[in-house]
Amino acid sequence: MEKLKFRNIPGPKSKDLLQKAQKFEPACSLDQTPVVWDHGDGVWIWDVDGNPYIDFTSGVLVTNLGHSHKGLTKAIQKQAERLQNTYSFPTPERIEAAERLVKTLPPHLTRVFYLTTGSEATEAAIRVARRYSQKTEILSFYGAFHGRTYGAMSVGGMRNIRNKFGEMVPGSVRAPYAYCYRCIYEKTCPDCGFYCIKVLDEHLRGNSNNNLGAVMVEPYQGAAGFIFPPDGWLKALEQWTRERDLVFIVDEVQSSFGRTGRMYAIEWEDVKPDLLCLGKGLGSGLPVSALAGTDPVLEAMDPGELSSTWGGNPLCSSATLAVLTAIEQENLSNRSLEMGNYLTPILHSLQEKYPCIGDVRGRALVQGLEIVEPDDGFSPSKELTRKIVFNAAERGLLLGKVGIFGNVIRIAPPLVIKKEEIDLAMEILEQSIALALD
Ligand SMILES: Cc1ncc(COP(=O)(O)O)c(C=O)c1O
């Protein structure tokens, strides 16, 4: 494989387009490394100046199949020629997509409702849980990200998402997540015996109006910085939830469809949520999300009460069928695990070499590098993170950055990545770190 050449970014064509974007789009949509994407193939992206990049973002953990996957592209093309929108009139594609998706789920989740975005799926989960439980409070977690619409934002636990929007939807009760690297209780896991779960009742005594109906949680926190709770934590939380007869909602909008080396991240802990929110990788590029649930919980809604203009539209349903076929035929969950097993030791060896990597955490092809000040080895370094991400883009590797403190590098390539591509990406990452420290 050819080595990638250094390029100044943005290139001339990208620069012109970005200037235009600055004129016609609000600043809030211009928060990325300045690379204007033109086309993609597998894990590769080319910008409008013709520069190739290895994509370690998957367009925010969406394109699990890789860019412009042939089977998916064909399915969309074929469907587009036949029928594109029906609103809630059913189509064979939607019904088949529902059946196929249900078959991939743990058996207790028997139905799915198709929507368009992840936020729509989490919003729907909140509505259903409130209706079913007849209670309004939802326990969620510090650092949680469930979307940017009002209900989703209100149960979210990141201040910068709710920043200066005034009052949120009432009913949200938040407690600390198992962010063991920066445990706010200053405990050490596993010796603490999941202290953050042990104190939940105490926490509720001060924060709840005794009207708690549900718990909503991500199996790992994405936006907060790829924070992976210790093994057994999600199971312990499920048990706590069951003992209190609460609706258990797991938000797998980003962690599903092979990303963690299993179809769903909940499989690692064998937890059985009442509601499961899905999105991103489900369409692998097309806007598809879904709310999966058990019969009794979903049946709390009357006909017509969940509805969305494009939910289950024929184009997205055909895309979903193509995605599910590709995941199965290309064995993408196992592939993700295999490539993750190859990648993880390389990331750990970088951590040993560079004290600015405070923590490496993740599973399969979703890994986070928490970047810290090399002097003290712990304070979050947003600036160093920014520099590494920029240096990498100049050398042909696209990375994302996330985190409560903006100091986590997101490693999440399409699941079709090969070992040689990982090697190349890691070489670039190492150069980019060394340069940022210079
Ligand atoms: C866990 C989780 N839930 C919900 C969402 C919101 O999804 P969307 O941006 O499609 O509305 C995201 C998006 O990043 C997410 O990671």
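The values are calculated or read from the model by the stated rules, or taken from the named source; none is laboratory data. Remember, predicted model here, so these are calculated numbers, not experimental data. Here the Cβ is made from the backbone with ideal geometry for all residues, glycine too, and neighbour counts use every protein chain on show. Keep in mind that these areas ignore ligands, DNA and RNA; they rest on the heavy atoms of the full protein, side chains included. Shrake-Rupley method; radii C 1.70, N 1.55, O 1.52, S 1.80 Å.
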Are any residues in region 104-130 out of contact with any Leu (no Cβ under 9 Å at 6 or more places or on another chain), touching a residue at least 40 places away in the same chain (Cβ under 8 Å) and surrounded by fewer than 17 Cβ atoms within 10 Å (Cβ to Cβ), and if so, which ones? His108
Return the residue satisfying two criteria in turn: it lies in region 270-296 and is crowded, with 24+ Cβ neighbours inside 10 Å and of a type in the set (A, V, I, L, M), and of such residues it is nearest to Thr57 (Cα to Cα). Leu282
Meets criteria (touching a strand residue (DSSP E or B) at 6+ places or on another chain (Cβ under 8 Å) and assigned by TED's automatic domain parsing to the domain that holds Gly59) for Glu421: yes
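Does Arg182 satisfy the condition of being surrounded by fewer than 20 Cβ atoms within 10 Å (Cβ to Cβ), over 22 Å from the mean Cα position of the chain (by Cα) and over 16 Å from Thr122 (Cβ atoms)?
no
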Sort out which residues of region 131-154 are β-branched (Val, Ile, Thr), open to solvent by 10 Å² or more (accessible area, probe 1.4 Å) and within 15 Å of the ligand (Cβ to nearest atom), and write them in order of number. Thr149
Selection count, region 56-103, where residues are touching a residue at least 12 places away in the same chain (Cβ under 8 Å), hydroxyl-bearing (Ser, Thr, Tyr) and open to solvent by 40 Å² or more (accessible area, probe 1.4 Å): 3
Looking only at helices (runs of 4 or more DSSP H) that lie completely in region 160-267, which have at least 2 residues being within 16 Å of the ligand (Cβ to nearest atom) and of a type in the set (D, E, K, R)? none
Residue ranges of helices (runs of 4 or more DSSP H) in region 30-133 with at least 3 members in the same structural domain as Asp302 (by TED's automatic domain parsing): 70-82, 92-104, 118-133
